[in-house]
Amino acid sequence: MMSNNLQLNSEGKLKHFLTIEGLDKALLIEILDLAESFVGTEDQRIKKIPLLRGKSIVNLFFENSTRTRTTFELAARRLSADVLSMSIATSSTSKGESLLDTIRNLEAMYVDMFVVRHGISGAAHFIAQHAAPNVSVINAGDGQHAHPTQAMLDMFTIRQMKGDFANLRVAIVGDILHSRVARSDIQALNTLGVAEVRVIAPKTLLPAQVESMGVTVSHNLADGLKDIDVIIMLRLQKERMSAALLPSESEYFKCFGLTEKRLKIAKPDAIVMHPGPINRGVEIDSNVADGPQSVILKQVSNGIAIRMAIMAMAMQKQEGL
Amino acid sequence: MERILIKDGRIIDPANKIDRIGSVYITDGKIASVTNEPAGFKADRIIDANNQIVCPGFIDLSTRLREPGQGRKATFASETAAAAASGITTMCLQPDTIPVIDARAVAELIKDQAEKTGYTQILPIAALTQKLEGTELSAMLALKDAGCVAVSNANQPVKNLLVLRRAMEYAASHDLLLIFRPNDVWLANNGCVHEGRLSTRYGLPSIPDAAETIALAQCLELAELTGCRVHFGQISSRRSVIKLHQAKKYGLAVSADVAIHQLHLTEDDMIPFDSAYHVLPPFRSMRDKEALREGLANGTIDSICSDHQPHDIDAKLGAFPETEPGVSSLETLLPLMLKLVDQRAITLEQGIAALTHKPAQILQLNSGALTPGFAADLCIFDPEWEWQVNSESWRSQGINTPFWGVTFKGKVTHTLQTGVVI
């Protein structure tokens with residue numbers, strides 16, 4: 001399938017990083033291992049590695065993001081690349097043509113890599129398809145489709161905390177329907193061979209035939225957390241109430257909010273994750289978010305190493321390193 | 001006018017239950033006789049149709065030719081040339097042109113322009129409501145007088161069921177056919193793919209099949225209430241086929257068509273994010289496709305249309321949900337129908353009837369058959385001729401087809417429009 005081939009070069013190496021789909025276990029492990037070798041560069045007095053010296057990377061953010069943009073920027077700088085971040089406000093009338101024009105203009109300035117966040121599913125694929133052959137595209141989140149670097153930092157954090165994927169049961173809780181993080185996490189977890197991925201949400205927040213992605217389904221947090229090793233909470237957007245998907249934040253919290261009491265249903269050493277930014281008291285209780293089982297801030301730090309690894313690997317295809 | 005003899009072809013004329021090798025005689029632009037040579041007939045031109053199939057010209061119930069209003073996508077000249085090369089002699093034009101076909105002057109302009117520039121006959125469909133806004137009735141009677149063959153609100157919603165009821169009552173008063181593409185816009189919710197495995201995997205806004213079946217069920221109820229003749233256009237789901245089957249059994253005067261590509265492609269065939277597959281209604285599941293084929297075979301679905309929607313390149317250049325839906329499909333109509341026959345989904349006679357006699361019946365036209373006295377609209381094709389969809393073979397201005405590069409069997413060698421080879 002095109003979506004799979006598009007991100008690999010003829011030797012099966014990473015050229016773009018658009019989605020977890022179509023990448024095999026060995027490649028995901030390679031990313032995790034390389035990221036691990038970068039952990040610790042933060043602690044050094046000089047935090048830079050000259051791997052991407054002289055390379056130009058442009059962060060193209062058509063959607064707001066603080067965390068993702070910052071970690072991509074830091075990751076690029078630590079690899080000694082020149083990095084420029086652009087926030088491009090999009091109106092609903094802006095079309096693919098203007099998106100393409102933006103890319104063409106930047107390409108004319110000899111950019112080596114685009115890191116793209118866009119509100120429409122498939123935008124990163126579209127840019128990768130039309131980018132010049134020597135340009136790499138990293139998907140920093142496209143619509144409700146994929147957020148593969150977030151998934152990899154989640155996998156990195158899980159491996160760090162749990163060691164191995166084989167026997168893990170992972171619950172993803174909340175707005176699966178609108179979540180690109182959920183889609184990429186599900187694909188990564190299944191590729192890495194966990195024992196079970198369980199999605200926990202009301203029907204209104206689950207996509208059709210979600211089982212076809214290789215998950216089990218629960219509509220009840222209290223039962224759903226049984227035997228779970230890893231809990232990934234998703235952010236609940238305020239718009240979901242006005243779209244008649246949920247009655248209210250308080251009712252959501254009552255059914256699906258992660259509290260200390262509910263956390264006890266999961267395995268005693270279960271870890272709690274969240275892609276951020278968190279809504280305290282909506283999907284997660286402050287005591288849990290800041291509690292001993294939470295690895296939410298670890299995820300953020302790991303984001304830098306993971307993004308360094310992915311950018312370095314995608315850039316390698318040009319150097320033949 | 002030229003007297004034409006088409007000889008030694010396999011004549012298939014489902015309306016007259018003809019399927020045999022023989023000759024067709026044409027005088028004064030009309031069918032003079034099939035098989036038997038009329039007394040004193042002397043041909044000015046002889047077309048040797050040996051090893052070819054001779055059948056009525058195809059009647060396409062749903063096309064968009066982008067004229068007037070969107071000449072950068074296509075024109076009457078470009079699209080009727082594509083139609084002529086594909087055996088299509090009559091095309092119904094959806095009313096969502098710019099301006100909308102909601103006034104006599106627009107309908108007349110279209111007929112004039114079409115006659116001046118086009119090869120094949122273009123029959124405008126009148127807007128059901130003014131500007132297709134779904135609130136006030138169009139001047140249906142004047143539009144009928146100006147040559148419109150039916151009324152439709154195209155892809156636009158009618159404001160509520162009361163307006164639809166009244167529009168149907170009014171149409172019924174003037175014996176106008178309503179062509180209705182069932183789609184509940186609220187349930188469709190700006191979706192761009194079928195709600196199922198594909199939409200879930202790729203996080204694309206989705207349209208459940210219920211968006212179609214609920215609108216269809218409502219319209220069926222109103223058909224009974226108002227007595228309006230209704231033709232359902234571009235059915236895409238299994239449950240629509242079931243509902244139609246029940247309605248026909250019950251005795252409602254309804255008919256339906258399916259777009260040819262819906263009989264071949266499903267969500268599983270879509271190349272992720274490839275805008276060539278962006279079409280409305282969306283490609284649904286394998287189960288839906290099989291039910292559509294069965295419905296066509298057992299007569300629940302009456303006819304096949306191209307649902308031709310040519311686009312310029314820019315319209316398809318973007319992230320999938322932002323691209324414009326539609327397939328340029330005149331030229332794949334015949335080969336895709338023949339593929340259904342090859343795959344034993346339908347018989348050749350059924351396939352030809354679905355492109356000729358059935359749509360003529362739906363529109364109550366004296367055409368779609370080789371009946372003596374009917375206009376000599378004919379298609380002659382070589383069912384074995386292999387050809388590839390590429391820039392050399394393609395005539396339509398819109399190259400937006402998921403079948404680009406595919407090799408098909410079956411090519412039209414001659415198309416006759418009222419006795420003239422076009």
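The values are calculated or read from the model by the stated rules, or taken from the named source; none is laboratory data. All figures in this text were calculated on a predicted structure; none of them were measured in a lab. Counting neighbours? That spans all protein chains shown, and the Cβs are built from the backbone with ideal geometry, glycine included. Just the protein is used for accessible areas: all its heavy atoms, side chains included, with ligands, DNA and RNA removed. Shrake-Rupley method; radii C 1.70, N 1.55, O 1.52, S 1.80 Å.
Some notes on this structure:
- Against the rule of thumb 2.2 N^0.38 Å, how large the Cα Rg of chain A comes out: 0.98
- Rounded tilt (10° steps) of A:148-162 against the dominant C-alpha axis of chain A: 60 degrees
- Neighbourhood net charge (12 Å Cβ-Cβ; Lys/Arg +1, Asp/Glu -1) for A:P268: -1
- From its DSSP helices (H runs of at least four residues, each -39,500 (n - 2.57)), chain B gives a residue-normalised ellipticity at 222 nm of -8500 deg cm²/dmol.
- Remark on B:A256: its backbone amide H falls under 5 Å from those of B:F232, B:D302, B:S303, a criterion applied only to residues 5 or more positions apart or on other chains, H modelled at 1.01 Å from N.
- Computed about its Cα centre, the charge dipole of the protein assembly as shown is approximately 1160 debye, with only Lys, Arg, Asp and Glu carrying charge at their Cβ.
- Ordered by 1.4 Å accessible area with all protein chains kept, B:E331, A:E73 run largest first as A:E73, B:E331.
- Cα gyration tensor category, rounded, prolate or oblate, for the range B:56-363 with a/c compared to 1.5: rounded
- Reduction of at least 30 Å² in accessible surface, 1.4 Å probe, comparing all protein chains with the chain by itself, residues of the range A:119-165: A:I120, A:S121, A:F126, A:H145
- Just the protein heavy atoms count here, and of the accessible area of chain B at 1.4 Å, carbon and sulfur take up 47 percent.
- Pairing chains B and A buries close to 2000 square angstrom of accessible surface in total, based on protein heavy atoms and a 1.4 angstrom probe.
- The range B:163-168 - phi-based ³J(HN,Hα) in whole Hz, Karplus 6.51/-1.76/1.60, Gly and Pro as x: 4, 4, 4, 5, 4, 5
- Among the listed pairs B:K144/B:K358; A:K238/B:K316; B:K116/B:K411; A:K25/A:K203; B:K159/B:K358; A:K162/A:K298, those beyond 23 Å (Cα-Cα): A:K238/B:K316; B:K116/B:K411; A:K25/A:K203; B:K159/B:K358
- Per-pair calculated FRET efficiency, R0 = 25 Å: B:R45 and B:K409 via Cβ, rounded to 0.05: 0.35
- Each Lys or Arg adds one and each Asp or Glu subtracts one; over the other residues with Cβ under 10 Å from the Cβ of A:N59, this totals +1.
- Nearest-ten-degree value, helix B:333-342 long axis tilted from longest Cα axis of chain B: 90 degrees
- Listed residues B:A354, B:A146, B:A84, most fluctuating in chain B (Gaussian network, C-alpha, under 10 Å): B:A146
- Accessible area (Å², per residue) of the range A:148-299, counting only protein heavy atoms and a probe of 1.4 Å: 39 Å²
- Among A:I57, A:I49, A:I176: highest mean-square fluctuation, GNM of chain A, C-alpha pairs under 10 Å: A:I49
- The calculated FRET efficiency for B:T347 paired with A:N105, based on their beta-carbon distance and R0 = 60 Å, is about 0.60.
- With N as its number of residues, the protein assembly as shown has a Cα radius of gyration that, divided by 2.2 N^0.38 Å, comes to 1.10.
- Local charge for B:T90 was computed over the other residues whose Cβ lies under 11 Å away, with Lys and Arg +1 and Asp and Glu -1, and equals -2.
- The length gained on full extension between A:L297 and A:K254, counted as 0.36 nm times the residue separation minus their Cα-Cα distance, comes to 13.0 nm.
- Calculated FRET efficiency, A:S87 to A:K238, Cβ-Cβ distance, R0 = 30 Å: about 0.90 to the nearest 0.05.
- Evaluated with a Cβ-only charge set (Lys, Arg +1; Asp, Glu -1), the range A:148-299 carries a dipole of roughly 60 debye about its Cα centre, given to the nearest 20.
- Once the partner protein chains are put back, the range A:209-237 shows a loss of at least 20 square angstrom of accessible area, versus the chain by itself, at A:Q209, A:S212, A:M213 (probe 1.4 Å, ligands and nucleic acids excluded).
- GNM on chain A, alpha-carbon springs under 10 angstrom: the most fluctuating residue among A:V170, A:V194, A:V230 is A:V194.
- Accessible carbon and sulfur surface of the range A:148-299 relative to its total accessible area, %, 1.4 Å: 51 percent
- Here the extension length gained between A:L34 and A:D269 equals 81.9 nm, from 0.36 nm per residue of separation less the Cα-Cα distance.
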